[in-house]
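Contents: one structure, followed by commentary.
Bear in mind that the values in this text are calculations on the coordinates, not laboratory data. Every value quoted in this text rests on a predicted model; they were computed, and no experiment measured them.
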Amino acid sequence: MIPNHDDEYWMNIAFREAEVALRRKEVPIGAVIVKNGNVIGKGSNQIEMLQDPTAHAEIIAITAAGLYACPVSPSFQLQPHR
Ligand SMILES: [Zn+2]
């Protein structure tokens, strides 16, 4: 059964992510990705922490959602390129 949450519920989750960023002295931005009534990705701005200008909250959330959709096997290892 899909939980019946409204936009305000999901925005509160994104807001809490923004507060996480604020506590880290980042620009306070949060993002959440919801599918079928479940959070599959969320993130907070991490530009300063990672020194990465692409580490926007929505990118972090998309990456998290991608890991949810396509989990990386723990046995996955990079192989040397020959
Ligand atoms: Zn952004």
Inset, instruction - Classify the range 19-76 as rounded, prolate or oblate, taking a ≥ b ≥ c as the square roots of the eigenvalues of its Cα gyration tensor: rounded when a/c is under 1.5, otherwise prolate if a/b is larger than b/c and oblate if not. - result: oblate
Legend entry - Note, ³J(HN,Hα) from phi for the range 34-43, Karplus 6.51, -1.76, 1.60, rounded to Hz, x at Gly and Pro: 10, 9, 6, x, 10, 6, 10, x, 8, x
